[in-house]
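The values are calculated or read from the model by the stated rules, or taken from the named source; none is laboratory data. Here the structure is a predicted model, which means the values were calculated and not measured. We place every Cβ from the backbone using ideal geometry, glycine too, and count neighbours over all the protein chains shown. Remember, those area values only see protein heavy atoms, side chains included, never the ligands or the DNA or RNA. Shrake-Rupley method; radii C 1.70, N 1.55, O 1.52, S 1.80 Å.
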Amino acid sequence: MSDEGTNTQSNQPATDKAGIVGRRGFLELVVSIPVIGVFLYNFFRKKAADDMKKEAIMAELGVRESGPAYIPEAVSRPPGERIRLGIIGNGGEGEALVRHAGFAHPDWVEEQRQAAAEDPRNQALQVYLEQDDLNVELTAVCDVFDVRAERGIAASQVATRPGGRPANPPAKRFRHYHDMLTSGEVDGVIIATPDHWHSQMSIDAAAEGIHVYCEKCMTQTEEQTQAMYDAIKNSDIVFQLGHQNRQSEAHIKAREVIDANILGPITLVEGTTNRNTPWGAWVWDIHEEGNPQTIDWELFEGPALNKVPFSLERFFRWRCWFDYGTGLSGDLLSHEYDAVNQILQLGIPKSAVASGGIYYFKDGRDVPDVFQAVYEYPERELTFVYSATLANGQYRGLKFMGHDATMQVSGDLSVTADRNSSRYEEKIGSGVIDPSRPMFTYRPGFRGIDAITSATAEYFVSRGLLYTYRGGRRMSAYHLLIGEWLDVIRNGGETSCNIERGFEEAITCHMATRSYLENRKVEWDPVRRRIV
Amino acid sequence: MTQGAAAAEPGRWTRFQSIVLVTLRILIGWHFLYEGLAKLVNPYWTSADYLAGSQWWFSGLFINIATAPTLLTLVDYINVWGLILIGLCLILGLLTRTATVAGIVLLALYYIAAPPFAGLSYAMPAEGSYLVVNKVLIELVALVALLAFPTGRILGVDRVIFQMRRTGALAQA
């Protein structure tokens with residue numbers, strides 16, 4: 001007995017003897033067609049309304065939600081000639097830079113392999129293996145700490161290389177960077193020492209005609225900045241300052257938004273740093289093998305302002321002291337400022353006022369852990385505020401505040417109309433633009449997820465300082481910036497963070513540092529080119 | 001078909017019971033169809049965020065999918081077209097049984113990827129408050145109910161197909 005065989009009247013199918021579906025059957029066949037009709041009518045009405053709104057907004061803005069119209073190629077031509085690199089200062093940052101140039105330490109490779117096995121969201125190794133061949137050789141390593149020098153040598157001959165390329169012969173260790181510069185064995189150097197050494201090393205490299213990729217902050221003082229600027233300007237070397245944001249797709253898109261004048265008059269720019277871990281506050285690990293025998297303390301101190309007895313804390317956590325760096329100003333304000341300078345091309349401010357204090361990390365440091373700086377640009381009719389704490393992790397982002405809209409820039413980008421905008425008043429009134437949600441968002445063309453493994457990594461990712469995208473492919477921003485430097489060495493052109501940008505970065509940071517230390521408002525004298 | 005429980009036989013249902021069951025089927029179909037089409041027309045849509053936030057026993061599998069670009073594209077494609085086809089079939093009453101089972105499988109995958117169990121929390125905000133039972137589970141069980149009380153032959157293309165087959169068999173006899 002079949003189900004249908006027991007049908008009662010209400011469901012009895014009407015069929016004729018020829019087996020053709022009858023009138024009732026036909027009706028029942030088509031009865032759901034109107035449902036599809038109603039569905040499609042509503043679907044297309046909704047889609048048309050959404051599309052029209054979007055079109056209206058995009059037509060008004062004159063900029064698309066797609067990737068930046070023009071992304072400068074980090075490498076303009078296949079790298080022909082091999083460039084020999086030296087690393088000066090193979091600490092945490094130095095090792096990262098060398099890795100992004102194609103030389104990961106074998107231990108790092110193993111760690112990342114395990115990390116990826118435990119959590120496939122960890123893609124650091126994959127990004128490393130897929131990075132382009134820069135055709136470089138790491139021929140020289142200089143570090144005052146034996147362990148780090150050895151790590152550099154190990155990295156130089158690593159077997160696991162991007163694209164499965166063969167291992168290179170081991171790099172040579174130089175005790176003093178000057179011997180490396182004059183050895184004839186390097187064409188370019190990556191300087192990733194503490195800040196107090198940057199200018200002297202760069203000046204010496206320029207004198208030897210050795211190209212320089214230098215970490216930020218470019219210098220530690222105004223005097224060093226002037227001397228370094230002159231030396232680089234009067235040389236033929238290619239200089240790149242290590243601000244990876246220059247290669248961030250979202251930052252390039254942000255500049256497009258500014259050029260299209262979507263925000264209206266911008267009166268306030270707010271850059272922030274919030275971190276809440278000891279590591280984020282530069283309480284870095286003290287290596288167990290660090291001691292006066294393995295560390296050349298005298299060479300480490302070098303041009304430091306004050307000479308003190310050997311100190312493991314000072315060596316491994318140097319950012320906590322003004323003798324070697326400038327604290328938040330040189331480490332993180334420098335990133336925020338360079339991002340703003342990249343997007344708005346602000347240059348050096350007219351004045352700076354800074355304040356702050358050591359409010360949380362009372363561990364003997366002399367740099368503030370809470371720091372605010374206010375810069376005035378009267379000619380641009382705007383203020384740039386930097387605000388930072390190392391004892392709270394609330395994300396505040398980087399915001400450009402205009403009369404008509406606010407742009408928030410991080411790894412991605414969003415523009416939200418202002419409720420009281422003059423330009424968008426009509427469209428807000430008619431409901432086309434909703435000021436409570438972004439009218440424009442740009443997410444780099446990547447269908448997938450970002451591996452964010454730690455609070456600090458998250459901070460760097462949110463700032464576009466770790467990864468960016470090229471054609472939907474995740475790339476290391478470091479790698480692209482180093483690639484650009486090498487490309488200019490080979491083929492000419494200008495690096496995106498050249499000595500002019502570096503001068504602006506260093507002076508702007510030092511204005512805040514001076515203001516904080518001298519407890520007064522400082523100004524920039526553009527004629528004498530001096531902080532006064 | 002063999003004899004089922006009397007209550008599950010469409011022939012024994014009142015008109016009201018039939019209408020309620022068919023309405024339920026069409027509404028679930030509508031929901032599936034729109035979920036599919038909305039994803040199809042959104043160039044930014046990807047299941048990656050949902051999969052990456054996966055918790056519980058199968059999270060490893062889902063996270064693996066989210067991090068493998070080729071696999072992810074395939075999964076996104078299957079998901080979108082699966083939703084659209086299941087939705088259409090449920091509305092039309094076409095291959096109802098197959099579509100219902102496919103819908104249950106899809107919803108079960110959504111559920112086990114992110115079950116609202118005590119102790120699990122998700123980065124993606126839910127639009128309501130759920131503990132163990134969420135709307136995915138309810139929709140899933142509603143489909144199971146439709147499997148127990150099949151309606152394709154009450155009102156739908158399946159009925160016509162069935163009739164054509166049966167009358168064809170009769171004619172041959």
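Between amide H atoms placed 1.01 Å from N, distances below 5 Å from A:Leu382 occur with A:Tyr377, all of them 5 or more places distant or on a separate chain.
Every helix of 4 or more DSSP H residues in chain B counts as -39500 (n - 2.57), and over all residues that averages to -21500 deg cm²/dmol at 222 nm. For the chain pair A and B, buried accessible area totals roughly 3800 Å², probe 1.4 Å, rounded to the nearest 100.
The phi torsions of segment B:48-54, fed into the Karplus equation with coefficients 6.51, -1.76 and 1.60 and a -60° offset, translate into couplings of 3, 4, 5, 5, 5, x, 4 Hz, rounded to whole numbers, with Gly and Pro shown as x. The angle separating the long axis of helix B:69-92 from the principal Cα axis of greatest extent in chain B is about 30 degrees. Rounded to the nearest 500, the helix-only mean residue ellipticity at 222 nm of chain A stands at -10500 deg cm²/dmol, with each DSSP H run of n ≥ 4 adding -39,500 (n - 2.57). Solvent-accessible surface (1.4 Å probe) assigned to A:Val432 amounts to roughly 30 Å². Figure note: A:Arg529, A:Arg490, A:Arg175 ranked by solvent-accessible area, largest first, 1.4 Å probe, ligands and nucleic acids not counted: A:Arg175, A:Arg529, A:Arg490. Averaging over all projection directions, the Cα-based convex hull of segment A:135-226 occupies 6.4 nm² in the image plane. Could you please state, rounded to a whole Å, how far the C-alpha centre of segment A:358-398 is from the C-alpha centre of segment A:41-69? Taking the Cα centre of segment A:41-69 as reference, the centre of segment A:358-398 is 39 Å away.
Among A:Ile507, B:Ile65, the order of accessible area from largest down is B:Ile65, A:Ile507, computed with a 1.4 Å probe on protein heavy atoms. Remark on segment B:128-173: accessible area falls by at least 50 square angstrom from chain-alone to full-complex state for B:Leu155, B:Arg159, B:Val160, B:Gln163, B:Thr167, probe 1.4 angstrom. By the Kirkwood approach, averaging reciprocal distances over each pair of separate Cα atoms, segment A:179-286 gets a hydrodynamic radius of 16.8 Å.
Per residue, how much accessible area does segment B:66-173 have with a 1.4 Å probe, in Å²?
Result: 53 Å² per residue.
A 1.4 Å probe, protein heavy atoms only, puts the accessible area of A:Glu223 near 120 Å². The mean accessible area for residues of chain A, using a 1.4 Å probe and ignoring ligands and nucleic acids, is 42 Å² per residue.
Solvent-accessible area assigned to carbon and sulfur over segment A:178-297 amounts to 46 percent, based on a 1.4 Å probe. Looking at the square roots a ≥ b ≥ c of the eigenvalues of the Cα gyration tensor of segment A:83-244, which shape do they give, rounded for a/c under 1.5, prolate if a/b is larger than b/c, or oblate? Because a/c hits 1.5 or more and a/b exceeds b/c, segment A:83-244 counts as prolate. At a 1.4 Å probe, which residues in segment A:36-66 are at least 20 Å² less accessible with all protein chains present than in their chain isolated? With the partner chains in place, segment A:36-66 has these residues losing at least 20 Å²: A:Ile36, A:Phe39, A:Phe43, A:Lys46, A:Lys47, A:Glu65. Of the residues making up segment B:53-77, those losing 30 Å² or more of accessible area when the isolated chain is joined by the remaining protein chains, with a 1.4 Å probe, are B:Ile63, B:Thr67. With a Förster radius of 35 Å applied to the C-beta separation of A:His178 and A:Arg529, the computed FRET efficiency comes to 0.75. One Cα centroid belongs to segment A:149-206, the other to segment A:89-104; the line between them spans 10 Å.
Working note: Debye formula, equal point scatterers on the alpha-carbon atoms of segment A:301-447, no solvent; log10 I(q)/I(0) at q = 0.08, 0.09, 0.15, 0.17 Å⁻¹ is -0.35, -0.43, -0.94, -1.08.
With the whole protein complex present, B:Ser59 retains an accessible surface near 30 Å², based on a 1.4 Å probe. Over segment B:14-172, with every protein chain in place, what whole percent of the accessible area is carbon and sulfur at 1.4 Å, could you tell me? Carbon with sulfur: 74 percent of the solvent-accessible area. When the alpha-carbon atoms of segment B:14-172 are used, the pair Rg, Dmax equals 18.1, 62 angstrom. Dividing the convex hull volume of the alpha-carbon atoms in chain A by its residue count gives 234 Å³ per residue. Applying the Karplus relation 6.51 cos²θ - 1.76 cosθ + 1.60 with θ = phi - 60° to segment A:90-95 yields 3J(HN,Hα) values of 9, x, x, 5, x, 5 Hz, where x marks Gly and Pro. With a threshold of 26 Å on the Cα-Cα distance, the over-threshold entries among A:Lys307/A:Lys362; A:Lys350/A:Lys427; A:Lys307/A:Lys521 are A:Lys350/A:Lys427; A:Lys307/A:Lys521.
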